[in-house]
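The next block holds one structure in the form of structure tokens; read it before the comments.
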Amino acid sequence: MAFQTITTDYFDKKFKKHTRKDGLLNERVIRKLQAVSINPEIGEPKRHAMRGLRSVHVDPFVIIYTIIKDIVLLINFEDHDEATMQHQPF
């Protein structure tokens, strides 16, 4: 059973920004999102300030999401370093 996937406005904005000129990246991200929709547990559980979130990599980017019942909520699509810095507790 595939989970329903919902995106935030922030995710949509970042996705369009990063995939606008790179068709291959767009395809890789879509394939990864399909895999997450089928099995959201494949993502790495985050710790500390990002507790409750999961992430999957599409080098050099990371997709950050959370699972709410039978819904996968896509939160962020950003360069790995920038995505983790946004959630630092300091």
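The values are calculated or read from the model by the stated rules, or taken from the named source; none is laboratory data. A quick note: this is a predicted structure, and the numbers were derived from the prediction, not measured. Cβ placement follows ideal geometry from the backbone for every residue including glycine, while neighbour counts extend to all protein chains displayed.
Restricting to the stretch 9-44, what's the tally of residues that are surrounded by 15 or more Cβ atoms within 10 Å (Cβ to Cβ) and among the β-branched types (Val, Ile, Thr)?
Residues meeting the conditions: 3.
Using beta carbons and a limit of 6 Å, which pairs, at least six apart or on different chains, have the first residue in the stretch 1-14 and within 17 Å of VAL29 (Cα to Cα) and assigned to a helix (DSSP H, G or I) and the second one of a type in the set (D, E, K, R) and modelled with pLDDT under 95?
Hits for this filter: LYS14/GLU78.
Name the residues in the stretch 45-65 that are hydrophobic (A, V, I, L, M, F, W, C) and not in a loop (DSSP other than H, G, I, E, B), would you?
Within the stretch 45-65, ALA49, MET50, VAL56, VAL58, PHE61, VAL62, ILE63, ILE64 meet the criteria.
List, please: which pairs have Cβ atoms under 6 Å, are six or more places apart or on different chains, and start with a residue in the stretch 51-75 that is of a type outside the set (Val, Ile, Thr) and end with one that is in a loop (DSSP other than H, G, I, E, B) and modelled with pLDDT under 95?
Going by the 6 Å Cβ cut-off, the qualifying pairs are LEU53/LYS46; ARG54/GLY43; SER55/GLY43; ASP70/PHE3.
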